[in-house]
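Encoded as structure tokens, the structure appears first; notes follow it.
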Amino acid sequence: MKAQRVLAWIVFAAWLTWATALHAWLGQHGTGWLPDLGLVLVFSLLARLEAADAPWLMLATVCARAALAVEGHAALAAGVLGLVPLVLWVRGTFELTAPAWRTLFCGLFVLGFDAWLLVARHVRGEAGESSFAGALLGLVPIALVSALLSLCCGPLFASLPGLTPLRRRTW
Amino acid sequence: MSSSRSRTIQLGVLAVLLYATLRPGTAVDRWIEEALVPARVLAELARPVTWLGGQTVLAAPERQELWRRSRELLEREGAAALPRDGNLAAGRGFVHGQTIERPARDPDGVVIQYDPRCTLAPGMYVTSGDHYLGRVESLVPERPGEAVVRLITGREARIGAEVLLADGSRAPLVVGGVALHPDPRDTRLYLAVHAPSRGDLTAGPVRVRASLDPGQPGLADGFLLGELVHHEQGGLRFLAVRAGFDYDAGPYELVIVSAPEHALAGGSLAREPFAPERWRPTRFAARGTPSALREARVLSHGRSRGLERGAALASDGVLVGRLTRVLQWSARAELVGDPGFAVAGLAQLEDQEEPLVLGRLVSLGRDGEALLFRWENTQDPPLAAGAAGAPGIDLARAPRVRAFVVSGWGERGLPAGLVLGTTELVRARGPQVLRITPPLDVRALERVEVWRANLPPEPTP
């Protein structure tokens, strides 16, 4: 890998960490209507990435998330490793940079990731007596606002400084 | 690498990750946790975000007032463990102890902490109020001031007793272990009766009578076990003692009965919750969490700084949360508002001097600033017929009382006395949701303190 691309992945990890930390800070008082900035950034880049680069994106995502999220590292990695190939497969059929598709699939991506973490928490017996259905319903607003953010700012996220070497030129 | 081979590897890795996720605590799970520890460096990259907003602290007078109320509550709870009956208190000494562990796999054995200056020995009797609870089974040699107590509910536990009959006569019997009530709807705890001296026993209070010498009462003699009950079913006669002590909600505060010269004057607490040397400063990696619908945090310190799993987090004496996973250089904590967070509660009611042991409180999350906890009221009588609507309590009709709630005993890593806040309790049997107003919004904190559970107990100054 060229040094330029290595640097670009490091920059991506930094952007992703800041996005995740900012998302955490904005949600410190617990609001259900907050977009997942980190996952929107991941999706925006994923829509424009060379498929061969996906493992690097997965590694950067797992590391950035593991630094600040409270879920088990295995659950985070399984979520990323399960969903990223799915998005790549969907990308073969739908143009994920188009407004309608990126809105729809970004929302599903965020919902799928958060729902998986919720399932993992319940299966591991860490959720106590809290309701699974209620919590699942609570994830819908997050997915909706994340989809809207992707609609409005998806291209902007993918154009963050330092990420140019990671984007396909033809998008 | 061929596409097919790469896909196979990917599926293999995914299978391992799924296994580690769904089977927590396995070697694979632990290895993956440790392998990603270096990712913590990225959290330092995000530190500027934590500088947004200041540290919330309580004003000194407010903090002192909270500590005073909490200490008073704990002292009253300690005093409530002493016998109320003057005859039981006379000629005996009492060493205070607090439960710090009640293993789920052995609910009849509790680990207690006590003032290590007191001399305890296996076999000594353990009581709470006027109730007999069990005996000291063993002392923990590697931890001075800790002992294991075997409760009377244990399968092998036995104690000599006598029942006071309606005609004033007394009948000896042996009590110990748990008896199953023939009516499965009756969920109260019954102690088994062995070798009753008479076949016509029906009812009466049952007290310990361990001494065989009628002129020389033993140290446990006279303490209550409960009420003798009988039940006929299918020609079989069921005889048991309905326990006078609520073993579901305790014991948390108890006393070991000793000769008067063995007890020490002074405070009842083995662990002072507000002593600065018992707390270690630490900080969160971020204010908030990216994890959806969670109130949990990652800490910037781990095992390398002496943090232990299960240790309480607090700020200004207010309970913040508990460590759930500790790695080499970081740790994870669930906060009090995280759905599923559970803690033993103790309350000071406005209309009652004696503290109320609430038992287990389970967080249901928040409603605005307020913490919502599920609580099963097992101590008050049920509402009159027709008032209790399923599944909970008819709140409009039930009497209420304001209460100051702190953490109770029961965990090694979490001391009693940490403030949860104020609430209004419904005084009627059944499940209810407590809406607790905390004195501090712990979600905005960056720096907190973590409890040093492994320090030996010290007497209260």
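Output the residues belonging to the stretch A:5-22 that are within 7 Å of another protein chain (Cβ to nearest Cβ) and buried (at least 24 other Cβ atoms within 10 Å of the Cβ). Explain how you work it out, then say what you get.
Let us first name the residues in the stretch A:5-22 that are within 7 Å of another protein chain (Cβ to nearest Cβ), namely A:13-14, A:17-18, A:20-22.
Listed by number, the residues that qualify are A:Thr17, A:Thr20, A:Ala21.
Output the residue which, of all residues in the stretch A:59-82 that are within 7 Å of another protein chain (Cβ to nearest Cβ) and without any contact (Cβ under 8 Å) to a residue 12 or more places away in the chain, is nearest to the chain's Cα centre (by Cα). Once the filter is applied, the top-ranked residue is A:Ala66.
Going by the conditions given, is A:Arg121 more than 7 Å from chain B (Cβ to nearest Cβ) and in contact with an Asp or Glu (Cβ under 8 Å, 6 or more places away or on another chain)? Write out each step before concluding.
On the way: more than 7 Å from chain B (Cβ to nearest Cβ): yes; in contact with an Asp or Glu (Cβ under 8 Å, 6 or more places away or on another chain): yes.
Yes: the conditions hold for A:Arg121.
Against the numbered list (1) away from chain A (no Cβ under 12 Å); (2) not in a strand (DSSP E or B), B:Ala292 comes up short only at (1).
Suppose we filter the stretch B:12-33 for residues that are facing chain A (nearest Cβ under 8 Å), assigned to a helix (DSSP H, G or I) and not hydroxyl-bearing (Ser, Thr, Tyr); how many remain? Break it down into steps so the answer makes sense when it comes.
At the first step, the residues of the stretch B:12-33 found to be facing chain A (nearest Cβ under 8 Å) are B:13-14, B:17-18, B:20-22, B:24, B:28-29, B:32-33.
Subsequent filtering for residues that are assigned to a helix (DSSP H, G or I) retains B:13-14, B:17-18, B:20-22, B:28-29, B:32-33.
Those left that are additionally not hydroxyl-bearing (Ser, Thr, Tyr): B:13-14, B:17-18, B:20, B:22, B:28-29, B:32-33.
So the count comes out to 10.
Suppose the filter is modelled with pLDDT under 85 and surrounded by fewer than 16 Cβ atoms within 10 Å (Cβ to Cβ); does B:Arg155 pass it? Before the answer, list the steps.
Numbers: modelled with pLDDT under 85: no; surrounded by fewer than 16 Cβ atoms within 10 Å (Cβ to Cβ): yes.
Spelling it out, it is not the case that B:Arg155 is modelled with pLDDT under 85 and surrounded by fewer than 16 Cβ atoms within 10 Å (Cβ to Cβ).
Going by the structure shown, is B:Thr127 of a type in the set (Ser, Thr, Tyr), out of contact with any Lys or Arg (no Cβ under 7 Å at 6 or more places or on another chain) and surrounded by fewer than 21 Cβ atoms within 10 Å (Cβ to Cβ)? In short, no.
Regarding A:Val87, is this residue closer than 16 Å to A:Leu45 by Cβ, within 11 Å of chain B (Cβ to nearest Cβ) and modelled with pLDDT of 95 or more?
Numbers: closer than 16 Å to A:Leu45 by Cβ: yes; within 11 Å of chain B (Cβ to nearest Cβ): no; modelled with pLDDT of 95 or more: yes.
Spelling it out, it is not the case that A:Val87 is closer than 16 Å to A:Leu45 by Cβ, within 11 Å of chain B (Cβ to nearest Cβ) and modelled with pLDDT of 95 or more.
Just one of the numbered conditions (1) within 30 Å of B:Arg188 (Cα to Cα); (2) open to solvent by 50 Å² or more (accessible area, probe 1.4 Å); (3) at pLDDT below 85; (4) outside any loop (DSSP other than H, G, I, E, B) is not true of B:Glu261: (1). The numbered conditions (1) open to solvent by 20 Å² or more (accessible area, probe 1.4 Å); (2) closer than 20 Å to B:Val255 by Cβ; (3) not in a loop (DSSP other than H, G, I, E, B) are all true for B:Ala121 except (3). Remark: pairs (first residue in the stretch B:308-336, open to solvent by 10 Å² or more (accessible area, probe 1.4 Å); second residue among the β-branched types (Val, Ile, Thr) and in a loop (DSSP other than H, G, I, E, B); Cβ separation under 6 Å; 6+ apart in sequence or on different chains) = B:Arg332/A:Val70. When each of B:Gly226, B:Gly177 is tested for being at pLDDT 80 or above and closer than 25 Å to B:Ala90 by Cα, the lone residue that passes is B:Gly226.
Scanning the stretch B:185-220 for residues that are at pLDDT 90 or above and open to solvent by less than 20 Å² (accessible area, probe 1.4 Å) turns up B:Tyr190, B:Leu191, B:Ala192, B:Gly204, B:Val206, B:Val208. Filtered by the rule that a residue be under 14 Å from the mean Cα position of the chain (by Cα), open to solvent by 10 Å² or more (accessible area, probe 1.4 Å) and over 21 Å from B:Val41 (Cα atoms), the stretch A:23-47 gives A:Leu34, A:Pro35. The residue pairs whose first member lies in the stretch B:136-155 and is part of a loop (DSSP other than H, G, I, E, B), whose second member is of a type in the set (A, V, I, L, M, F, W, C) and surrounded by 16 or more Cβ atoms within 10 Å (Cβ to Cβ), and whose beta carbons are closer than 6 Å, counting only pairs six or more residues apart or on different chains, are B:Thr153/B:Val178. Restricting attention to the stretch A:85-101, the residues being among the polar types (S, T, N, Q) and loosely packed, with under 12 Cβ neighbours inside 10 Å number 1. Just one of (1) within 11 Å of another protein chain (Cβ to nearest Cβ); (2) touching a residue at least 24 places away in the same chain (Cβ under 8 Å); (3) within 22 Å of B:Leu335 (Cβ to Cβ) fails for A:Trp33. It is (1).
Within the stretch B:302-327, the residues that satisfy the criterion of being assigned to a loop (DSSP other than H, G, I, E, B), closer than 21 Å to B:Arg47 by Cβ and within 14 Å of chain A (Cβ to nearest Cβ) are B:Gly302, B:Leu327.
Candidates B:Ala347, B:Ala333: the one that is under 26 Å from B:Leu254 (Cα atoms) and touching a strand residue (DSSP E or B) at 6+ places or on another chain (Cβ under 6 Å) is B:Ala347. Restricting the first member to the stretch B:77-92 and to residues that are over 18 Å from B:Gly250 (Cβ atoms), and the second to residues that are among the charged types (D, E, K, R) and at pLDDT 90 or above, the beta-carbon pairs closer than 8 Å and six or more apart or on different chains are B:Asp85/B:Asp130; B:Leu88/B:Asp130.
The values are calculated or read from the model by the stated rules, or taken from the named source; none is laboratory data. What you see is a predicted model; the values in this text were computed from it and never measured. Every residue, glycine among them, receives a Cβ derived from its backbone with ideal geometry; neighbour counts consider all protein chains shown. The protein model used for the area step is the full one, side chains on, heavy atoms only, and it has no ligands, DNA or RNA in it. Shrake-Rupley method; radii C 1.70, N 1.55, O 1.52, S 1.80 Å.
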